[in-house]
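Readers should treat all values here as calculations from the given coordinates under stated rules, not as data from a laboratory. Since the structure is predicted, the reported quantities are computational estimates derived from the model, not experimental observations. Don't worry about glycine lacking a Cβ; one is built from the backbone with ideal geometry, like all the others, and counts go over all protein chains shown.
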């Protein structure tokens with residue numbers, strides 16, 4: 001067969017590869033192999049390489065987020081093509097872990113009604129949600145308390161420690177108070193855990209005029225924003241990492257939270273990171289978003305991300321409150 005190919009190449013008559021393979025009853029791959037030349041390049045090779053790099057950097061991204069990240073990288077491609085490539089390369093995965101509760105609501109402390117149930121924020125610092133989760137180290141468990149701004153899904157305060165007590169959640173609250181603007185009407189929502197119902201925590205919220213809201217008893221859906229973030233944290237960081245000790249966990253989780261706030265794409269935010277989403281909102285003067293979560297009025301459509309983020313970095317003063325900066 002190789003002699004026939006050599007003869008056809010030496011002939012003055014030039015046939016298209018497809019026609020030559022038809023005449024010789026030969027697959028195209030055999031034609032290239034017997035000629036000693038590599039076959040035609042996979043037209044998906046460059047795209048496949050880019051997808052594999054993204055999947056390696058963010059192993060929990062599905063094809064939708066990968067597609068949007070490709071678009072942000074200047075590569076416009078149909079999501080079905082991305083799905084096909086990821087399926088072929090075995091880059092699609094789903095994991096399930098058992099839910100473990102850390103809420104102790106068996107106490108005699110006062111509890112507050114749920115103010116957040118039907119509340120839809122149209123700007124930052126209108127509704128904060130708080131929660132606690134456990135993290136397993138090599139020889140012990142530690143506990144992470146977080147506070148999240150529901151408008152942008154941004155983590156605005158957190159603390160990691162060995163004890164699950166009022167001091168843990170107070171430390172996370174202090175970070176949020178120092179880094180954010182406490183606006184009139186701000187609501188703080190949490191479960192009914194003894195840490196959030198403690199007198200120290202309640203008094204600290206009252207000092208800043210923050211309204212207190214708590215979930216209904218035994219209903220995790222009332223704190224869905226916080227629960228959703230905790231799931232993301234577990235799947236994208238904790239379950240993928242073996243922490244040596246508290247210091248190691250603190251450093252790695254700090255890196256994850258910084259990446260979560262500034263780089264991770266959120267489908268609910270129009271596939272933008274929280275910091276960028278807040279920047280666009282600040283540049284646009286906040287306001288109600290059209291079409292549901294993650295959509296701004298049409299006037300924001302033409303704004304550049306760079307200009308929005310630069311504008312959002314300026315200092316703003318809330319009347320009757322301290323001067324603060326949205327970072």
Q. How high is the relative contact order of region 140-210, given as a whole-number percent (alpha carbon pairs under 8 Å, six or more residues apart)?
A. 26 percent
Q: Along Cα→Cβ, 7 Å out, is where each label goes; now give me the distance between the ones at residue 120 and residue 206 in nm to one decimal.
A: 3.4 nm
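Step by step: find N for region 185-263, compute 2.2 N^0.38 Å, then divide the Cα radius of gyration by it. What's the final number? Let's see the in-between values first.
Details: Rg = 15.5 Å, N = 79, 2.2 N^0.38 = 11.6 Å.
Normalised Cα radius of gyration, region 185-263: 1.34.
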(Q) Contact order normalised by length for region 127-260, with contacts defined as Cα pairs under 8 Å and 6 or more residues apart; what percent is it? (A) 25 percent
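Can you work out the FRET efficiency for the pair residue 73 and residue 255, with r the C-beta to C-beta distance and R0 = 22 Å, to the nearest 0.05?
E between residue 73 and residue 255, to the nearest 0.05, is 0.55.
Rounded, prolate or oblate: pick one for region 155-201, where a ≥ b ≥ c are the square roots of the eigenvalues of its C-alpha gyration tensor, a/c under 1.5 means rounded, and failing that, prolate if a/b is larger than b/c, else oblate. List each step's numbers first, then the result.
Working: a/c = 2.29, a/b = 1.35, b/c = 1.70.
Oblate.
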**Q.** Global geometry of region 127-260, whether rounded, prolate or oblate, following the gyration tensor of its Cα atoms and the 1.5 cut on a/c
**A.** prolate
Q) So what's Rg/Rh here for region 45-88, counting alpha carbon atoms and using the Kirkwood radius for Rh? A) 0.89
Q) Between region 161-233 and region 69-91, what is the C-alpha centre distance in whole Å? A) 39 Å
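Neighbouring Cβ atoms within 10 Å as the yardstick, rank 152, 213, 18 fewest first.
By the 10 Å Cβ count, ascending: 18, 213, 152.
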Q. If r is the Cβ-Cβ distance from residue 248 to residue 141 and R0 is 22 Å, what FRET efficiency results, to the nearest 0.05?
A. 0.95
Q | Relative contact order computed over region 45-88 (Cα-Cα under 8 Å; 6+ residues apart), in percent | A | 37 percent
Q.
Please arrange 169, 182 by how many other C-beta atoms lie within 10 Å of their C-beta, fewest to most.
A. 182, 169
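Throw me the Rg/Rh for region 205-250, computed over C-alpha atoms with Kirkwood Rh, two decimals. Write down the numbers at each step before the final one.
Values: Rg = 15.6 Å, Rh = 13.4 Å.
Ratio of gyration radius to Kirkwood radius: 1.16.
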Q) Exposure proxy check: 133, 67, 232 ranked by fewest other beta carbons within 10 Å? A) 232, 133, 67
